[in-house]
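Some notes on the structure that comes next.
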Amino acid sequence: MPPAPDPDPRPADLHLTFPASPAVVRDALARMMATAPLLGLSDTRRGTAELVLAEVLNNIAEHAYADHAGLITVTLRAGSRGIACLVVDLGAPMPGGVLPDRGLPARAGLALADLPEGGFGWHLIRSLTRDLAYRRIAGANRLSFLLPCEGEIP
């Protein structure tokens, strides 16, 4: 069963549903980057969008669907403030039902080779987006955020 549809009545510039596997996520991300509304962004904003979406989608594939296969639905809408993004999946909920803490993982005094592998993604997502919100509704994870316009870079 695909994730719940987006209740926003405005037409989406892009609406994709795809399996949450690393290879398919890569292909879906490449398709998103080559299609409106992301295609029309400056190189800098496209790079930011790609980084944020890659972090979000890979987190879902790795954590939400760690124990089973599932689908991810991405809806993108261009607006006056930037690109509104909604990512929906039916995987496991966020721990505690909330987004991870906004801080960076503890790293004081660590050599580069000893830095932890995880924990930086959510800091990047929070730093590069606006209006980040997570809700669990009827068994679906719904992550929404805004990729701001050029003049609105966080």
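The values are calculated or read from the model by the stated rules, or taken from the named source; none is laboratory data. Bear in mind that the values here come from a model prediction, so they are computed numbers and not experimental data. Glycine also receives a Cβ, built like all others from the backbone with ideal geometry; neighbour counts cover every protein chain displayed. For the accessible areas, the whole protein counts, side chains as well, though only heavy atoms, and no ligand, DNA or RNA atoms are used. Shrake-Rupley method; radii C 1.70, N 1.55, O 1.52, S 1.80 Å.
The largest accessible area among 85, 149 belongs to the first residue in 149, 85, and the rest follow in falling order (1.4 Å probe, all chains). For 89, 67, the ranking by accessible surface with the largest value first comes to 67, 89, using a 1.4 Å probe. Ligands, DNA and RNA aside, residue 120 has an accessible area near 60 Å² when probed at 1.4 Å.
At 1.4 Å probe size, what's the solvent-accessible area of residue 24? Round to the nearest 10 Å². The accessible area of residue 24 comes to roughly 50 Å².
Computed from the C-beta positions of residue 50 and residue 138 and an R0 of 25 Å, the FRET efficiency is 0.25 to the nearest 0.05. Residue 81 contributes about 130 Å² of solvent-accessible surface, heavy atoms of the protein only, 1.4 Å probe.
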